[in-house]
Each structure stands twice: as C-alpha cells, then as structure tokens.
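The structure appears below as structure tokens.
The values are calculated or read from the model by the stated rules, or taken from the named source; none is laboratory data. What you are looking at is a predicted structure, and each value in this text was computed from that prediction instead of being measured. Every residue, glycine as well, gets a Cβ built from its backbone with ideal geometry; the counts of neighbours run over all protein chains shown. Heads up: the accessible areas ignore ligands, DNA and RNA and are worked out on the full protein's heavy atoms, side chains in. Shrake-Rupley method; radii C 1.70, N 1.55, O 1.52, S 1.80 Å.
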Amino acid sequence: MINPPRVLTFAGSAAGGSAGIQADLKTFQELDVYGMSVITAIVARHPETNKNVHPQTLEAIEAQYTTAMNQVGIDALKTGMLFSKEVILKTSEIIKESKIDHIVVDPVMVGKLDSKLLEDDAIEAMKRKLLPLATIITPNMPEASFLLDERKLTNVEDLKQAAVDLHHLGPKYVLVKGGRLEGPAIDVLYDGESFTTFEAPRIDTVNTSGAGCTYSAAITAQLAKGKNVMEAVESAKGFVTTAIEYGFSYTDKVGPTYHAALRTRGEAHKITVRR
Ligand code: PXL
C-alpha cells in the first residue's frame, strides 16, 4: 500500500454541499488523494436573522491547521474562501512558515448564489501577502477584474494581459479562467514567460455551483500527485468540465456540479491545449 498524497483546503463550509470545503473534499476523494480541511467560515443563511456568513475564530483556524500538519502532514494546500483580512494574514503567515511545495490560491470573492465571500478591506492583504506565496492562482474573470482595479475583461487577449499583470503580484503561475467568455470555455495560463490556453466546449447548463472550487481542488490534487502545473491544469479542466456536464439541481435554483461524473459516467472531455 502506498499512502495517498496529503492535501489540505483552507476554505468556507458550504452547507448545501456544492462548493467550498464540501466540493474540495469530494474532488480530493475522486482523485485519490487524502483530503483534510481548515474551515475558515460557515456559509449558511439563517431563516430569521438572514445572516449568511459565520466566520470562525483565528484560534479555531490555527487549531485545525496544526492538527492536520502534526497528525498527518501536507503535500499540497489550496485556499478558497478566506473572508476577512485577518484570516488572509493568518493564512499567509501559516503558508509562509509551512514550506509546503504546492500552494493553490483560488481568490474567491462572490458565490454563485450571490453570497459575499470576501470583505472589501481584505483585497489588499490578498494581493500583497497571499498571492505572492502561490504556486498558481486561479481567478475567474470577475475576480481577475477586481484584483486589477475593476478592469474590463471581454476577450482572450484581455485575459492574457490580465494574467501578465497579475503575475507581477508574485505568484509563479496565473490561470485566468474564461468561463464567462462567449463561445468555448478558454482559460489562459501564464508562467512569466509564455502563455498556454486550455479550451473546453461550452456546456449549456446553469448548474455550475462550486465549479471554481472543484477546478482548483483538482489542480491541487494533481500537483500533490506529482504532475507539473501544465499537466495538472489540463487534467483538472477535464475533470471539472465533465463534472459540469453532469451537473444537476434538486431545486429551481442553481445546482452543483457532479463530482463523481468522471468516475461513473465515462471519459473526461478532451481539452485542447495551445502553447
Ligand atoms: O463557489 C464559491 C464558493 C466558495 N466557498 C464557499 C461558498 C461558495 C459559493 O457559494 O459557499 C464556502
């Protein structure tokens, strides 16, 4: 028996199961890595108070991390919803001291159901303290735009320029995801020297809740398993595209992607990679 690689997510708990910690752990399990979690906040709307985000204390966050590190050890780590400046600073400090090889930062800001997942005064800490520590950052178009002073992004050329400018903040790789483009879903990867694009067919569905979490969790799992960044992105995009294809909903609202799709429904979508 060879022990599976150990992967930790720092993220919010999405009580509905489609996104955040829940999406990450499902993805880790599907990709045969050992999943662990640090819950930074609980996202769940109270019917009377309407309160939606229930932050965890820095003490609880540190305790979870220490438990995972000391009881198990960590080969790769991803961050999702961190919510506040304080949590971003604490998480950055932890990552910096940890010397973990693979750090994936998904700069989560707003959920598909319009939950606000990052406070306004947290963005500077994210740019200055967290992004420089990343092996790869995975903003979608609104997140990339927000990190670049609300720049308008409308086509692949804009995504490429955004990737170059985000690379100046210090991450080794930048993946700007073009899920909101017209036409095929094209993502741009930039390593400081050259671009690689990853193209999947557009899937006509609204059930994409947690797709971004799932994609970055799959990248993290593949890095932990020894793939390089390019291979990890290609394989993760195949995984998430298949999960989106078989997305579903239990209600009339946006539903989850289907994390087990690749295992239970057949082949990954072919991803067209251009260098
Ligand atoms: O999909 C973004 C996301 C990330 N993390 C948590 C969420 C959501 C969306 O709702 O709830 C915890």
Item to check | C-alpha center-to-center spacing [region 116-156, region 56-73] in angstrom | outcome: 26 Å
Item to check | Cα gyration tensor shape for the chain, rounded if a/c is under 1.5, else prolate or oblate | outcome: rounded
Checklist outcome for this item: For Ala11, the net charge from surrounding residues (Cβ-Cβ under 11 Å; K, R +1; D, E -1) works out to -1
Item to check | Selection of trypsin sites (Lys or Arg not before Pro), region 149-202, meeting DSSP coil and at most 10 other Cβ within 10 Å | outcome: Lys152
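How much net charge surrounds Leu223 when only other residues with a Cβ under 13 Å from its Cβ are counted (Lys, Arg +1; Asp, Glu -1)? Please report the intermediate quantities before stating the final value.
Values: positive: Arg6, Lys78, Lys172, Lys225, Lys227; negative: Asp75, Asp101, Glu231, Glu234.
My count for the surroundings of Leu223 gives +1.
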Checklist entry - Percent of accessible area on the chain owned by carbon and sulfur, 1.4 Å probe? => result 50 percent
Next on the checklist: Here is the link list: Lys99/Lys172; Lys78/Lys237; Lys85/Lys152; Lys127/Lys227; Lys96/Lys129. Which ones come out longer than 19 Å on Cα distance?
Outcome noted: Lys85/Lys152; Lys127/Lys227
Item to check | Exposure rank, largest accessible area first [Tyr190, Tyr34, Tyr250; 1.4 Å] | outcome: Tyr250, Tyr34, Tyr190
Checklist outcome for this item: Counting only protein heavy atoms and rolling a 1.4 Å probe, one gets per residue an accessible area for the chain in Å² of 47 Å²
